[in-house]
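Each remark here refers to the structure printed beneath this line.
The values are calculated or read from the model by the stated rules, or taken from the named source; none is laboratory data. Nothing here was measured: the structure is a model prediction, and the numbers come from that model. Quick reminder, even Gly has a Cβ in these numbers, built from the backbone with ideal geometry, and neighbours come from all protein chains shown.
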Amino acid sequence: MKKASDLFIEALENEDVEYIFGIPGEENLDFLDSLSRSKIKLILNRHEQGAGFMAATYGRLTGKPGVCLSTLGPGATNFVTAAAYAQLGAMPMMMITGQKPIKKSKQGRFQILDVVDMMRPITKFTKQVVSGNNIPSIVREAFRISQEERPGAVHIELPEDVAAEDTNEVLFDVQAVRRPSPDHKAIDSAVEMIQKAKMPLLLIGAGANRKRTGNALIAFIEKTKIPFFNTQMGKGVIDERHPLFLGTAALSSSDYLHYAIDKADLIINVGHDVIEKPPFFMEHGGKKVIHVNFSPAEIDQVYFPHLDVLGDIAASVWGMAENIEVQSHWDFSYYEKVKKEVDSHITKYFEDERFPILPQRIVSQIRKILPEDGIVTLDNGVYKIWFARNYKCYEPNTLLLDNALATMGAGLPSAMAAKLINPDKKVIAVCGDGGFMMNSQEVETAVRIGLNMVVIILNDSAYGMIKWKQEGMGFKNFGLDYKNPDFVMYAQSYGAHGHRITSSQHFTETLEKCLNEDGVHIIDCPVDYSLNHSILNKGIKEKAKELL
């Protein structure tokens with residue numbers, strides 16, 4: 001016989017869990033005691049939301065569910081945003097929450113919410129453990145569901161009295177699951193459609209962000225010479241220095257890239273997740289679309305593919321590459337013209353030295369300084385568009401942005417998880433001042449656990465994304481400005497290193513220095529968003545029409 005909480009920890013060890021992120025409460029004390037004797041490391045956070053973001057990012061980078069822990073009531077409700085972040089972003093994550101005794105309670109309804117029911121709409125699986133004997137099956141099923149395509153969040157509630165009871169149950173074996181291969185007739189139909197098209201175009205989405213898929217896509221592109229573009233969460237699947245890479249669909253319409261998309265008569269849509277903003281809209285009688293993914297397309301008024309190729313994405317792409325023949329009637333000359341304009345446009349302000357600094361300059365300097373395998377994590381703000389459009393990724397998962405829930409507050413915890421998993425890689429978190437302050441308390445966590453990382457705060461003393469939208473829609477400037485703390489002193493108060501940028505050149509020098517020193521470095525960088533409206537709202541549309 002053993003305590004149920006011991007069995008739960010053994011079940012997590014059986015799933016090869018390395019870390020548990022979170023904040024324990026009274027209802028987790030048996031679980032915490034069992035964890036103290038485990039090889040699993042507890043990362044004690046300062047807010048449950050930060051713990052959830054770290055767990056989700058762990059899942060995103062490893063493919064294995066990241067695990068986070070909270071108590072009941074307010075601790076569990078603080079997981080809600082992180083659960084939605086993982087669920088919409090297809091990141092495998094497990095939340096474990098405590099609960100008051102369910103078999104005999106003397107505290108009435110104090111702090112008690114129906115957390116299982118609360119989690120149901122934003123998870124793939126949620127369940128309360130009512131007996132220690134059920135722990136092995138519940139944990140195994142939760143991990144299986146969280147990892148299978150499409151990945152996402154799962155939740156287990158472990159009541160205090162159940163955690164303390166005795167059990168003699170044994171664990172389940174963990175077995176790897178093979179994804180089904182695509183149907184040969186579907187592959188043949190896809191090849192036939194591509195060969196008949198005049199201007200096919202390849203789209204790489206978030207679901208293709210797997211190493212094997214990248215290798216298959218490279219083989220397909222090298223054989224066919226079909227140009228490609230990606231969504232924001234599909235960045236880095238293929239090295240974006242590739243001569244056939246057209247760009248990233250970072251805006252909804254009117255960018256140079258969208259003129260290429262509009263010209264295409266067939267789009268091979270590999271791994272696109274409809275959670276992301278549509279990189280194109282379909283019309284009846286317009287371009288044809290092949291949907292290559294793990295699961296069927298969800299049909300709506302703007303997305304109704306003409307063919308589904310379902311199964312393992314890498315296998316589907318390999319199948320198409322092996323069977324396709326290059327066609328003499330394919331015409332990619334217009335795409336070449338678009339690529340030339342995209343490349344010219346996005347580099348225009350890379351060397352601009354004005355101060356406060358333009359986001360384009362910040363993007364170019366980070367790309368220039370960071371190694372090829374270095375990781376940048378983004379919070380959510382208007383700068384995300386500049387990174388999506390202008391920052392070239394050389395490897396998968398080296399620009400971690402959220403184009404699904406698009407929540408603020410995730411940039412710093414995401415970088416912390418990335419550094420924890422990849423201690424030998426350089427990691428930079430880029431946060432707006434608004435997003436940084438939403439989880440800035442996690443700087444203490446980063447310092448305490450000894451992470452070496454850089455946080456760049458883009459400081460405009462406002463919610464800049466909404467101000468840009470406000471201006472673009474013709475509204476007056478209202479309700480979006482605030483005052484910030486002294487970020488240098490703020491960093492120092494946590495034991496981090498604070499740096500205040502005074503010029504464009506100073507930013508470059510400071511970033512190089514910080515990346516090569518130990519500790520957590522917070523860089524307060526004034527940013528100039530004054531060109532957002534003229535470039536993103538007006539300039540691209542007018543210039544693209546003129547040139548293309």
- All conditions in (1) more than 25 Å from LEU217 (Cβ to Cβ); (2) assigned to a helix (DSSP H, G or I) are true of ALA315 except (1)
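Kindly indicate the residue of region 384-398 that is of a type outside the set (Val, Ile, Thr) and part of a helix (DSSP H, G or I) and also nearest to TYR85 (Cα to Cα) among those meeting that condition. It would help to see each step written out before you state the result.
Step one: of region 384-398, the residues of a type outside the set (Val, Ile, Thr) are 384, 386-397.
Filter again for part of a helix (DSSP H, G or I), leaving 384, 386-390.
Working: LYS384: 16, TRP386: 22, PHE387: 20, ALA388: 19, ARG389: 22, ASN390: 24 Å.
So the residue we want is LYS384.
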- Of all residues in region 319-347 being among the charged types (D, E, K, R) and under 28 Å from the mean Cα position of the chain (by Cα), which is farthest from ALA190 (Cα to Cα)? ASP343
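Using the structure shown, decide if GLN175 is outside the structural domain of GLY63 (by TED's automatic domain parsing) and farther than 16 Å from ILE9 by Cβ.
On the way: outside the structural domain of GLY63 (by TED's automatic domain parsing): yes; farther than 16 Å from ILE9 by Cβ: yes.
Judged against the criteria, GLN175 is a match.
Would you mention how many residues in region 48-63 are over 19 Å from THR377 (Cα atoms) and in contact (Cβ under 8 Å) with a residue 40 or more places away in the chain?
Total meeting the criteria: 0.
Within the bounds of region 499-508, is there any residue that is closer than 30 Å to THR62 by Cα and at pLDDT 95 or above?
Quick first cut of region 499-508, residues closer than 30 Å to THR62 by Cα only: none.
Checked region 499-508: no residue is closer than 30 Å to THR62 by Cα and at pLDDT 95 or above.
Considering GLY63, GLY52, which residue is touching a strand residue (DSSP E or B) at 6+ places or on another chain (Cβ under 6 Å) and not assigned by TED's automatic domain parsing to the domain that holds LYS235?
Numbers: GLY63 fails: touching a strand residue (DSSP E or B) at 6+ places or on another chain (Cβ under 6 Å).
Step by step, each of GLY63, GLY52 is checked, and only GLY52 is touching a strand residue (DSSP E or B) at 6+ places or on another chain (Cβ under 6 Å) and not assigned by TED's automatic domain parsing to the domain that holds LYS235.
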- Item | Residue tally, condition of a type in the set (Lys, Arg) and surrounded by 13 or more Cβ atoms within 10 Å (Cβ to Cβ), over region 169-197 | 2
- Among the residues of region 399-409, count how many are surrounded by 23 or more Cβ atoms within 10 Å (Cβ to Cβ) and either among the polar types (S, T, N, Q) or not in a loop (DSSP other than H, G, I, E, B) (or both). 3
- Residue count, region 222-244, condition surrounded by 21 or more Cβ atoms within 10 Å (Cβ to Cβ) and of a type outside the set (S, T, N, Q), comes to 10
- Looking at (1) within 19 Å of GLY411 (Cα to Cα); (2) surrounded by fewer than 24 Cβ atoms within 10 Å (Cβ to Cβ); (3) within 19 Å of the chain's Cα centre (by Cα), can you tell me which one LEU44 breaks? (3)
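Just give me the residues in region 208-230 being in a loop (DSSP other than H, G, I, E, B), modelled with pLDDT of 95 or more and on the phi < 0 side of the Ramachandran plot, in sequence order. Full working, then the answer.
First pass over region 208-230, keeping only residues in a loop (DSSP other than H, G, I, E, B): 209-210, 225-227.
Cutting the leftovers down to modelled with pLDDT of 95 or more gives us 225-227.
If the condition is that a residue be in a loop (DSSP other than H, G, I, E, B), modelled with pLDDT of 95 or more and on the phi < 0 side of the Ramachandran plot, then ILE226, PRO227 are the ones that fit.
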- Task: Restrict the check to region 459-475 and report whether at least one residue is assigned to a strand (DSSP E or B), modelled with pLDDT of 95 or more and either under 27 Å from the mean Cα position of the chain (by Cα) or among the hydroxyl-bearing types (Ser, Thr, Tyr) (or both).
- Result: yes
- Item | Within region 261-289, tally of residues that are closer than 25 Å to ASP402 by Cα, touching a helix residue (DSSP H, G or I) at 6+ places or on another chain (Cβ under 9 Å) and either crowded, with 23+ Cβ neighbours inside 10 Å or not β-branched (Val, Ile, Thr) (or both) | 10
